Amino acid sequence: MVIKHKNIFETESCWSNADKQMLCLDTGGWRTERPVLDQTKCNYCGLCCLYCPPQCMLDKGDHYEANLAFCKGCGICAHECPRGALTMVPEGEFGNEG
Ligand code: SF4
Ligand code: SF4
């Protein structure tokens, strides 16, 4: 499990010691894919949170979910997940869900 410290940005990862909010720019509508979690495979290791460049993974207590307002759809979380719990899914499959 990731060890927490007091973060400035609510989704900021544990390794950050930034004194300003990092990369917390709203993604708008340009993301082409989003990470979707299969919670049955997730062991809450925190690596997706650690590697996410804009630090937009939200800690849900027993798993992490991307904050889609800030997720850029880069797929690094899915690539780094050791359990294959995250899959990048094209935005078109979600229609107007947001
Ligand atoms: S999605 Fe993968 S990397 Fe993220 S906490 Fe779960 S098992 Fe770890
Ligand atoms: S797709 Fe990229 S920006 Fe979105 S949660 Fe994963 S690592 Fe973070």
In the range 57-93, the residues that are among the β-branched types (Val, Ile, Thr) and more than 12 Å from ligand 1 (Cβ to nearest atom): 89
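Residues in the range 68-79 that are touching a Leu at 6+ places or on another chain (Cβ under 9 Å) and within 8 Å of ligand 2 (Cβ to nearest atom): how many? Step through it out loud before you land on a result.
If we filter the range 68-79 for residues that are touching a Leu at 6+ places or on another chain (Cβ under 9 Å), which is where we start, we get 70, 72, 75, 77-79.
Then keep just the ones that are within 8 Å of ligand 2 (Cβ to nearest atom); that gives 70, 72, 75, 77-78.
So the count comes out to 5.
Of the residues 71, 48, which is over 22 Å from residue 95 (Cα atoms), modelled with pLDDT of 90 or more, within 10 Å of the chain's Cα centre (by Cα) and surrounded by 14 or more Cβ atoms within 10 Å (Cβ to Cβ)? Reasoning before the result, please.
Numbers: 71 fails: over 22 Å from residue 95 (Cα atoms).
Matching residue, one of 71, 48: 48.
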Return the only residue of 58, 86 being touching a strand residue (DSSP E or B) at 6+ places or on another chain (Cβ under 6 Å) and within 8 Å of ligand 2 (Cβ to nearest atom). 86
Select from the range 23-64 the residues that are closer than 15 Å to residue 85 by Cα and either touching a Gly at 6+ places or on another chain (Cβ under 7 Å) or assigned to a strand (DSSP E or B) (or both) and list them in ascending order. 34, 35, 36, 37, 41, 57, 64
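The values are calculated or read from the model by the stated rules, or taken from the named source; none is laboratory data. As the structure is a computational prediction, the values presented were derived from the model and not from experiment. Cβ atoms come from the backbone with ideal geometry, glycine included; neighbour counts cover every protein chain shown.
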